[in-house]
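Have a look at the structure below before the remarks.
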Amino acid sequence: MPSEYELKIKEVIQRTYNTKSVRLEVAPGVDYKAGQFMCVTLRSEPLCKRCLSLSTSPTEKGYIEFTKKLTQSDFSCALNALKPGDTLKVQYPLGKFTLEDNPADKIAFISGGIGITPIRSIAKCVVDKKLGTDMVLLYANRSVKDIVFKEDFDAMLKAYPKLKIAHVLCEAAPDFKCTVGLINSQIIKNEVPDYQERKFFLCGPPLMVEAMKKMLTDELAVGKEKIITENFVGY
């Protein structure tokens, strides 16, 4: 387990109506890979400790950031009260949900809701470094207002030709290109026709991740070795 650091909050950012990012100062001499996560302790009680993906890329200097959907949990309530200048105890980096540990020329991300955080980290790193990796993102949300990092991904689309994003929403939206429904094997075939050539990174609510993994293996015959998931609950 990595060492624990006490880091000061530099900024708190409201991402959507129910999602916040917390930017922290960087622990001296500590590097991380895009897609990794940290353990965050807000108070001494066990209920106020969570594992949360880093939503920043190592290419973004001077701060690290985690992003969380706010619920009625003790942790969310404590997080919602944070302000710049407060300090948090964190342990990082953790996890192997990274392109470095799972190299591939072509990758596909399947994500739901706040599960987009490590994917934002990986995609931003690929775009900033101009790695040339071909990326497709299938991103499921209830509605347009639930899309986290929409502006960031719009900017990445303009800067990086080898990125494609397909939004899958429960609710249709005027003047917004999306598929209405739930991600299924036909949507994957439509949006990722070369799916057999790609590694899949899955991140979202645990039940969704398991359903997507089963769909890929059982319905689309994607090998298990080509499916990358992260095994922790940060919701």
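Only the coordinates and a few stated rules stand behind these numbers; no lab work does. Just so we're clear, the structure is a prediction, and the values are computed from it rather than from any experiment. Quick reminder, even Gly has a Cβ in these numbers, built from the backbone with ideal geometry, and neighbours come from all protein chains shown.
Observations on the model:
- Estimated distance in nm for a label pair at Val26 and Gln196, the labels positioned 7 Å out from Cα along Cα-to-Cβ: 4.3
- Measuring between alpha carbons in the structure, the pairs from Lys164/Lys199; Lys20/Lys96; Lys106/Lys224; Lys164/Lys214; Lys49/Lys150 lying more than 18 angstrom apart are Lys20/Lys96; Lys164/Lys214; Lys49/Lys150.
- For the range 192-202, putting each phi into the Karplus relation 6.51 cos²θ - 1.76 cosθ + 1.60 with θ = phi - 60° gives couplings of 10, x, 9, 4, 5, 8, 10, 8, 10, 9, 10 Hz, in residue order, rounded to whole numbers and with x for Gly and Pro.
- Taking all pairs of distinct alpha-carbon atoms in the range 106-229, Kirkwood radius in angstrom: 14.5
- The modelled label-to-label distance for the pair Ser143/Lys83, using points 7 Å beyond Cα in the direction of Cβ, is 3.1 nm.
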